[in-house]
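Below is one structure; the comments refer to it alone.
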Amino acid sequence: MREGLLEIFHEEHRQLRPGVAPPELKIEFFAFANVNNTIRLREGRLLVRLSDLLEGAPEGVVRAIAHILLAKMYRRPIEREHASRYRRYVSSHDISQKAHLVRQIRGRKRIQSPRGHTYDLEKVFDELNTRFFYGLLARPQMTWSRGHARNSLGHYDPAHNAIVVSRVFDHPAVPRCAIEYIVYHEMLHLKHPVKLRGNRRCVHSAAFQAEERLFPGLENAKQFLKRL
Ligand SMILES: [Zn+2]
């Protein structure tokens, strides 16, 4: 993720409230379906959620968003320059948003059945959901990859809200714990969205890793996958 995101928010805070120390800030990216950004104050901390469609936005745009969100928070007037900068970006971004939508629709057609020859990914998901997540996770699309690529065991694709598992593992020689481990890992990605710690994107946070260690077949599964 972009460098200096926190600094930008701090600078804009200083502009709006000179001499006032900014509160602790937490910035997260979310896969909002449209360009959507929110800010709220909770227990003295500012929580900022930015649409992941803005992840590649130029610095001036991020500065504009920071200004707009903070101005809203503190009920200050929004500077016209920032407002128009942001508006210009969002409207030009409409084009790529549409492209994004088209990809989703096309992508959806490509999604294949969760039922493989050996394993049914939806069943695996539902069972893990009951065993480890109190049934609380909403099931995304579950699908086997089209190819037999081994370089990726599985991944969670937020654009399509899909968990994709490599078709290599749809085989009777693959123990159930290996499939379960792959799906469990991707379910943790659903539960722990990518966070920003300082300027770093934190994909496998400490909480993520701690929860991964709770998986009972972890060592067996890892060993099997290593041998492949
Ligand atoms: Zn991962």
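Per-residue accessible area (protein heavy atoms, 1.4 Å probe) orders 84, 113 as 113, 84, starting from the largest.
Each semi-axis of the equivalent ellipsoid for region 7-55 is √(5λ) with λ an eigenvalue of the Cα gyration tensor; in descending order they amount to 22, 12, 8 Å. The modelled label-to-label distance between residue 173 and residue 133, using points 7 Å beyond Cα along the C-beta direction, is 3.1 nm. Each residue was assigned an accessible area with a 1.4 Å probe, and for residue 13 the value is about 10 Å². Ordering 55, 127 by accessible surface, largest first, gives 127, 55; the 1.4 Å probe counts only protein heavy atoms, with every chain in place. When you count the other C-beta atoms within 10 angstrom of each residue and take the mean per peptide, 136-145, 69-78 line up highest first as 136-145, 69-78. For residue 174, the solvent-accessible surface computed with a 1.4 Å probe is close to 10 Å², ligands and nucleic acids excluded. Quick one: pull the percentage of alpha-carbon pairs in region 182-228 with a separation above 18 Å. Tail of P(r) above 18 Å: 37 percent of Cα pairs.
Judged by the gyration tensor of its Cα atoms, with axes a ≥ b ≥ c, region 142-192 is oblate; a/c meets the 1.5 cut and b/c is at least as large as a/b.
The values are calculated or read from the model by the stated rules, or taken from the named source; none is laboratory data. Quick caveat: nothing in here was measured; it's all calculated off a predicted structure. FYI the Cβ positions are ideal-geometry reconstructions off the backbone, even for glycines, and counts take in every protein chain you see. Note: accessible area is taken over every heavy atom of the protein model, side chains too, but ligands, DNA and RNA are not part of it. Shrake-Rupley method; radii C 1.70, N 1.55, O 1.52, S 1.80 Å.
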